[in-house]
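The values are calculated or read from the model by the stated rules, or taken from the named source; none is laboratory data. Since we're looking at a predicted model, the values are computed, not measured. Don't worry about glycine lacking a Cβ; one is built from the backbone with ideal geometry, like all the others, and counts go over all protein chains shown.
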Amino acid sequence: MIPKVFKEVIDLGDGRTISIETGKLAKQAHGSVVVQSGNCMLLCTVVSNYEQSPVDFLPLTVDYREKFAAAGRYPGGFFKREARPSDGEVLTMRLVDRVLRPLFPKDYHAETQVMIQLMSHDENVMPDAMAGLAASAAIQLSDIPFETPISEVRVGRVNGQFIINPTFAQLEESDIDMVIGASADSVMMVEGEMKEISEEEMVEAIKFAHDAIKVQCEAQVKLAEAFGKKETREYEPEREDEELNKKVRELTYEKVYAVAKKASAKHERSSAFSEIKEEVKATFTEEELEDFGDLVSKYFYAAEKAAVRDLTLNEGLRLDGRKTTDIRPIWCEVDYLPSTHGSSIFTRGETQALATVTLGTSREANVIDMPSFEGEERFYLHYNFPPFSTGEARPIRGTSRREVGHGNLAQRALKGMVPADCPYTVRVVSEVLESNGSSSMATVCAGTMALMDAGVQMKKPVSGIAMGLISDADTGKYAVLSDILGDEDHLGDMDFKVTGTADGITACQMDIKVKGLSYEILVNALKQAQAGRLHILDKLVETIAQPNADVKPHAPKMITTTIPNEFIGALIGPGGKVIQELQKETKTTIVINEDPVTEEGIVEILGTDQEGIDKVLAKIDSLLFKPQVGEVYEVKVIKMLDFGAVVEYTKAPGNEVLLHVSELAWERTENVSDVVNMGDVFEVKYFGVDPKTKKEKVSRKAILPKPEGFKERPPRDNNRDNRGGRDNRGNRDNRNRDNRRDDRRPREDRNED
């Protein structure tokens, strides 16, 4: 039976469309769609259990995978199947999760899985820009409780014109690469990188993206109506007790407000709040706590949040005593680690990051092998967030999605300031040693200083700041917070990270937790962020004003040169023998890459010893050396033969040529050693390739004066006419030979003739 298919088409302009289709695939899922643009196809399914999980949060899993078959390729490595997700896939999962999660009911705790798969790849379509649309559309077709449709788009700008979901080629020319997630009413998520754009330009790009998202949300509603929108399922809500809530708030609010106003450090404040909680719990019997102790904790945290927010809105004070625009004290240090190629410490309040820089060749580039993208990164940043940074002891199970996301944000912030002609592969690693506030922004600051300390000639230093927002929809009051604490991140309405130079924004990441955030508030937040990051930037420049002129003495120096492709084989040698021996002898690393455009070999020489690097360059010069006809060159005897001496050019060791015995001197030479010996250095003239021997010819005697009275031997008679020739078939003419034979016969025989 042919399935009934339902479809909606979204016009992106310039001839491009996105279609949303359901009814054909994965019909046992609670919701499934195929989203297609060009030849790119995403299958998204959603399933949510009907039983509530015994946890106090939503166990939501958003999974995004790119199938290699979608691009007609095999997975790399020995294990020929898709396994753990790549960093690129993890970043797409985070983009979708951050928009979906706030729109589920707060008391909905059923296990929920959203699975998005790239089933067909189109090299002109970036699939991650459609993942949010696919996820929301699948949920709209299900009975899962969800507040409102959302979508995500990528926005770029080429030659001043904004583009929705640009191609890879367009993105290469764009000065903006942002993904925006929103509902029809509210912007909820922004993430991307920019080339030093202004705050006003960023807001303009967000507005442009939001207009496109409204159309995509409308298409989802139409598809759900055509398909037959299911009734939202019923589920067991969390238990509530208004009387208990009122009692806990009365016992909590004033005490928390007073502690918050004292401006204490994180651990002191946390300890004081815990004491208040214990006092509140002490007002209940053990039987009551056993019955509704979870509600007491829930209502306590609600009252705590309300008290801290009110303190900021009413008095402009924060948990640590700062005003809304104040930045915590900062201290910095560079060159802290003696053996690294570059290092720095950035400490802001109770947040600290230690960054290191390692310099390498193109061999150390980070290779990206995904169905939707193949390439490599010559600059990359890794971010580590160990449990001790927050005073916790918990299991370490590999790199978390959060670490991947925060590292990517810091990498995007810095990479535009690393010069394109930087010869090194550069790896930055940030170790977060303390965290109470944005450690990703501390990573940006520490990374900037470590790069400058390593001698990487950054175009401009970059700083970053995390902003927060506390707002009250009823009163219209709001407060934008600069340099937020961890607690302010949890209790606030926005987490907004901005990085940039003195001239503009280089990256951003924003999560908004309230509906209807006005663009006016957003612009004010961006302007306040600008003032904050410029203040931080001044602190960085005070520590290290400009990049070190050179790399550290123990760091490798990189020299890059080119050779014609036909000489690459000679430099490598049979089985790599020449290059391996050269690396061992000079204590360098040599990497050769072929440039298909220039048809030249790019040779990277990495070493800590300049003498070793010079030896490699000399070897390359010797390979490229081509003597010119008529020129005189200095040579050295390296081998003695009966018929001459083998000499090498002193300016190009390894380039050898035979000096024939007849070219040693004007006088007849019986023994080569009568004229030259091993190790002798003298000059010779180069005559090019001898047409007779087909070998290169050099002469020592050609630059020596002729002895007085010297007579050259007459040239040898090479006339072969009297020896007989060949007929037109190649047979030798034997008439002369016959005559000679006749002459040799006895005279009497000749007389008979």
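For this structure, a couple of remarks:
- Scanning the range 202-231 for residues that are assigned to a helix (DSSP H, G or I), small (Gly, Ala, Ser) and over 14 Å from LEU133 (Cα atoms) yields ALA205, ALA226.
- For the range 335-342, the criterion of a residue being in contact with a Lys or Arg (Cβ under 9 Å, 6 or more places away or on another chain) and aromatic (Phe, Trp, Tyr) is satisfied by no position.
One line per residue, one yes/no per condition, for (1) touching a residue at least 60 places away in the same chain (Cβ under 8 Å); (2) assigned by TED's automatic domain parsing to the domain that holds GLY607; (3) farther than 27 Å from GLY77 by Cβ:
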residue: SER372; (1), (2), (3): yes, no, no
residue: GLU376; (1), (2), (3): no, no, no
residue: PHE385; (1), (2), (3): no, no, yes
residue: ILE396; (1), (2), (3): no, no, no
residue: VAL428; (1), (2), (3): yes, no, no
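- For the residues GLU152, GLU111, GLU123, GLU147, the requirement of being touching a Gly at 6+ places or on another chain (Cβ under 6 Å) and assigned by TED's automatic domain parsing to the domain that holds ASP56 singles out GLU152.
- Within the range 12-34, none of the residues are of a type outside the set (D, E, K, R), at pLDDT 95 or above and under 27 Å from the mean Cα position of the chain (by Cα).
- Candidate set from the range 649-676 (those that are within 59 Å of the chain's Cα centre (by Cα) and among the polar types (S, T, N, Q)); member that is modelled with the highest pLDDT: THR650
- Cβ-Cβ contacts under 9 Å between residues 6 or more apart (or on different chains), taken from a first residue in the range 1-22 that is within 16 Å of THR167 (Cα to Cα) and without any contact (Cβ under 8 Å) to a residue 24 or more places away in the chain to a second residue that is of a type in the set (A, V, I, L, M, F, W, C) and surrounded by fewer than 16 Cβ atoms within 10 Å (Cβ to Cβ), are listed as THR17/VAL9.
- Count of the range 490-524 residues, restricted to those that are acidic (Asp, Glu) and under 23 Å from ASN436 (Cβ atoms), is 3.
- So PHE57, is it free of Cβ contacts under 8 Å to residues at least 40 places away in the same chain and assigned to a loop (DSSP other than H, G, I, E, B): no
- Residue in the range 47-61 that is of a type in the set (Phe, Trp, Tyr) and crowded, with 17+ Cβ neighbours inside 10 Å present: no
- Whichever residue in the range 251-301 is surrounded by 15 or more Cβ atoms within 10 Å (Cβ to Cβ) and not in a helix (DSSP H, G or I) and, among such residues, is modelled with the highest pLDDT: PHE284
- Taking the range 651-665 as the range and being surrounded by 15 or more Cβ atoms within 10 Å (Cβ to Cβ) and closer than 20 Å to LEU704 by Cβ as the test, the residues that pass are VAL657, LEU658, LEU659, HIS660, VAL661, GLU663, LEU664, ALA665.
- Test: residue in the range 97-112 that is among the hydrophobic types (A, V, I, L, M, F, W, C), within 33 Å of the chain's Cα centre (by Cα) and either farther than 30 Å from SER297 by Cα or part of a strand (DSSP E or B) (or both): no
- Of the residues making up the range 473-504, just one is among the aromatic types (Phe, Trp, Tyr) and surrounded by fewer than 24 Cβ atoms within 10 Å (Cβ to Cβ), namely TYR478.
- In the range 338-378, the residues that are of a type in the set (D, E, K, R) and closer than 30 Å to GLY486 by Cβ: ARG348, GLU350
- The set of residues in the range 62-96 that are in a helix (DSSP H, G or I), more than 19 Å from the chain's Cα centre (by Cα) and surrounded by 22 or more Cβ atoms within 10 Å (Cβ to Cβ) contains only VAL96.
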